[in-house]
Every structure is written in C-alpha cells, then in structure tokens.
Amino acid sequence: MSRERGGIPPKEAQGFSAPAEKPEFLVGVTKDKKGNPDYSRAARPIRSKEARVKREAPQPPPRKSPEKPLTPFERREAELTQLVMDNGGFRAATALPKKYHPEGSAGFTVKRDERTMNLRRDYTEVQLAFSTIQEGQDSSFRDTLKRHQLNEALTMIPVTKDVFEEVEPPAPKGILGGLFKKTAKPEKRKAGEEPVQHQKMVKNGSEEPLHRIMYYAQGTDPTRESELGAYKCYDGRNGNFLSGEMDLPKSVAEQVYAQIEENPRFARELMEKIMIEKMEITPEAWESGDENTNNIPLKPPYEEWDKQKESSKMYIKSPNAEPGFNPKSVVHV
C-alpha cells in the first residue's frame, strides 16, 4: 500500500469511495452503505415557470435584418414620388362601384383629390391631348392605340389660357362712317395665350407655370370583343380604362416626365400611389379586388399585358410632337 510522503494513505487506498462534487442544491441525494452521500442519482429541482422567468436574464430583442439600401436610381424615384405627392393636384377617371364613387352611385366617373380646384365631369382634355396621334382611318386615339397593340399612353402639356384684347371693328366708308364709330362696341379678339399658374388650379400651389402629366391605360381590345388583355370593370364587363392627371409645378413635372421616359414603369407606380393615397381606393380593392368590386381589381391588368409580347409597350407623346402617330414614341414598359 502506497503512502504519501509524511502522511496518511489516501481514502481511495483505504477503501473509501470518493464522493462526487457536491452541487449547490440537488434533490434525490442518497447514502451509500458506509453512510456517505451518494450523488449518482441526484438531480436539480424542477422550477416553476414563474420562477424560471424571474431567474432568467432578460433577452435582447432579436436583431432585424438590415434593409437593402436603395440604389441611386431607386432613391431618385422615391424623391420624385414624394415631390409629386407633396405638390400635385390629381384627377382620375375610371369605372368605380358605389363604395368608391365620389357621388355614391356607380359607373364611370371623374374623381379628384381635395387640393384640385377644377373638377371636370369627363376626360375630354385627355382625349384632346392624345387626339393628335389619331390616324386617318381611326375614329379616336383609343382606336389608334388598339391597332398598334398599345395599352398605355402618356404625355405632358403646359396649361395655358387664352388672352383677349379689345379692338374696334372697321367702320364703313362714307357718310355713315362717323355715325358707326359712335355706336359700334369694341370686339374681343384672341391675342394669344399665357401660362396658368399652378396655384390657380391647386390649393396652396406654386407660382410656377402649371404643367399637366396625363396617363391613359385601356384593355388590349377596348371594343370589348375579346378577353385577351381585357381591362374589366368592377361588374365584370370588359372595356374599362384608367385616365390620370397630375397637375404639377413646371420644374417638378419636367423632372418626372424625364424619369418616365427613362423608366416607363414609374408612371404605373405613381398612378398606384395616387389611386390609393389620393383617391382613397383601398390597397386590396386596387390590387386584387374586394367585396365592393366583386373581387375584381381596379388596377389595370399590367401583369397580363407584360406577358403579351406586343402589349407591354407605352406611347410617350412629346410635348412638342408633330401631329400623327410616331413609331419612335413607342417604348417598352
């Protein structure tokens, strides 16, 4: 039997079993034959849920995955969108059910936001703005778009008003000339045009000249004869259209128009934001339809148009375009 130098043999050598390391507090501790504590079957006590909650250290909130930073192009469009929403006055014409109709009825209507001071009951200005692209055999610009398999069109126009001047009518020669001058009233004749200030059409607007961006979308077959690329009304009929107008200060309008020329889809994004935030169409009704629209979306069927090879195009008419259809003005969306 070995001994430690100058001491008593270790307990293991004397037949004692070495006790396990004693935990801070255990249950189920027994004793061996020699009366020593046996921890081989011991366990920590099961704490109640409340106790565990109290003793557990508070956990830090889960980390949010960092958002993908915007590209310079995306940041530019976000800034322009905010400029449009902050400065614009808006009108939209389309078929709306009673829930979203400005007069509480149902059908095609023109709706405006609260800042727009001029409410027209139709979309004649849009028709006039695009009428110059009509071709000889077409009865309207809608027919021109259809024949060229185009679903969308956009343009920008400076808004002006006529200026008149008073002129005296020419007097007849002879004895009656003097008498005519005394009784004749001055005539008003158009002398030209002048820009309309933005603040004349939009509440709290700018003193800049007003420029109007016009957007138009229709089904591939606006005569309602085909289901291919049809833009349905809320009641399920074909033949719907969406006409939108943005009344903007000249400096903002020119920037937005240039961006749409570079990225035509930007026009769609602007119209969606206008319809939801300014025309008070719910996101559900716009995107997929709701109970008021018979689950038919109010949004044009962009996805279906994009699938069609010839339909995902837009006609962008330049403000200074010559009359007639210009194939160079057709761009891919």
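Checking the cross-link pairs Lys190/Lys328; Lys273/Lys328; Lys188/Lys328; Lys98/Lys203; Lys278/Lys317; Lys273/Lys317 against a 31 Å limit on the alpha carbon distance flags Lys190/Lys328; Lys188/Lys328 as lying beyond it. With Cα atoms defining each centre, segment 191-267 and segment 76-143 are spaced 6 Å apart in the structure. The trypsin sites (Lys or Arg not before Pro) of segment 298-328 that DSSP puts in a loop, and whose beta carbon has at most 10 other beta carbons within 10 Å, are Lys309.
Rounded to whole numbers, the Karplus 3J(HN,Hα) couplings from phi for segment 285-298 are 5, 6, 7, 10, x, 9, 4, 6, 9, 6, 6, 9, x, 7 Hz, using 6.51 cos²θ - 1.76 cosθ + 1.60 with θ = phi - 60°, and x at Gly and Pro.
Note that segment 137-144 has calculated 3J(HN,Hα) couplings of 8, 9, 8, 7, 5, 4, 5, 5 Hz, one per residue in order, obtained from phi through the Karplus relation 6.51 cos²θ - 1.76 cosθ + 1.60 (θ = phi - 60°); glycine and proline are x.
A short reminder: the numbers here are calculations on the coordinates, not readings from a lab. What you see is a predicted model; the values in this text were computed from it and never measured. Heads up, the Cβs are rebuilt from the backbone with ideal geometry, glycines too, and the neighbour counts pull from every protein chain shown.
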